[in-house]
Amino acid sequence: MNIHRNLISLAEKTIANFSVPKSIKKNFTEINNDKALELKECLRYNLYRDVETSFLESEEGKRDMENQLIKRLDYDRHSVIPWLDSAKPIKNARILEIGCGTGSSTVALAEQGANVVGVDVDADSLAVAKKRCELHGVNAQFIECNATEIASKLSGSDFDFIIFFASLEHMTIQERLISIKKHGKC
């Protein structure tokens, strides 16, 4: 457990010291306290609905909520977005985000001017993603489906980026093989 905490601490320090280009940073959308509370309630209702209150009040629960509210978005803004933008400009890019979850990376992409299609199998996560985008004042399209269904749902669509992040570990080997083969044919 100590090694895990040390790695998290190291990652947080690295992100904090990373210099984000001004052209990216100027597009960050912030939410006020009222909107943050609205997002927190949306998370509680959709993501933590079946979780014991004692967990949410524990240190682990508070850390998890903080990750959902702030840290994932900060990570995407400070590491993923500059990296993608250095490969190809994100502004006006069509991006397919497979496994968009609660929309932290969706917001980070959309606030840079990307046209994002977020896909997730979990309706509750998509409800949070939609609310998060609304609160940040950015637009994205969301589709509820399994990654293996994307080719049929988005047949004929072209994308500049296909992001398949933090979702493979939630899939069976068969689902991984089917979805990876089909993504090149959207």
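The values are calculated or read from the model by the stated rules, or taken from the named source; none is laboratory data. Small disclaimer: the values here were computed from a predicted structure and weren't measured. Every residue, glycine as well, gets a Cβ built from its backbone with ideal geometry; the counts of neighbours run over all protein chains shown. What goes into the accessible areas is simple: the full protein's heavy atoms, side chains included, and nothing from ligands, DNA or RNA. Shrake-Rupley method; radii C 1.70, N 1.55, O 1.52, S 1.80 Å.
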Of the residues E134, E144, E149, only one is farther than 27 Å from T29 by Cβ and of a type in the set (D, E); which?
E149
Check S79 against each of (1) touching a Lys or Arg at 6+ places or on another chain (Cβ under 9 Å); (2) over 15 Å from V116 (Cα atoms) and name the one condition it does not meet.
(1)
Kindly provide the set of residues from the range 80-101 that are buried (at least 18 other Cβ atoms within 10 Å of the Cβ) and in contact with a strand residue (DSSP E or B) (Cβ under 7 Å, 6 or more places away or on another chain), ordered by number.
L84, A93, I95, L96, E97, I98, G99, C100, G101
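Would you mind finding the one in R49, R77, R63, R72 that is out of contact with any strand residue (DSSP E or B) (no Cβ under 9 Å at 6 or more places or on another chain), of a type outside the set (A, V, I, L, M, F, W, C) and buried (at least 22 other Cβ atoms within 10 Å of the Cβ)?
Details: R49 fails: buried (at least 22 other Cβ atoms within 10 Å of the Cβ); R63 fails: buried (at least 22 other Cβ atoms within 10 Å of the Cβ); R72 fails: buried (at least 22 other Cβ atoms within 10 Å of the Cβ).
Only one candidate qualifies: R77.
Got a sec? Which of K153, K181 is open to solvent by 30 Å² or more (accessible area, probe 1.4 Å) and either modelled with pLDDT under 80 or closer than 25 Å to R49 by Cβ (or both)? Show your work before the answer.
On the way: K153 fails: either modelled with pLDDT under 80 or closer than 25 Å to R49 by Cβ (or both).
Sole residue among the options that is open to solvent by 30 Å² or more (accessible area, probe 1.4 Å) and either modelled with pLDDT under 80 or closer than 25 Å to R49 by Cβ (or both): K181.
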Single match in I90, I98 (criterion: at pLDDT 95 or above and under 27 Å from S23 (Cα atoms))
I90
Tally of residues being open to solvent by 20 Å² or more (accessible area, probe 1.4 Å) and either of a type in the set (V, I, T) or in contact (Cβ under 8 Å) with a residue 40 or more places away in the chain (or both) across the range 102-119:
2
Output for Cβ contacts, cut-off 8 Å, separation at least six or different chains, first residue in contact (Cβ under 8 Å) with a residue 24 or more places away in the chain in the range 28-55, second open to solvent by less than 80 Å² (accessible area, probe 1.4 Å) and assigned to a loop (DSSP other than H, G, I, E, B), reads F28/E111; T29/E111; T29/G137; T29/V138; L39/I31; L43/T102; L47/T102
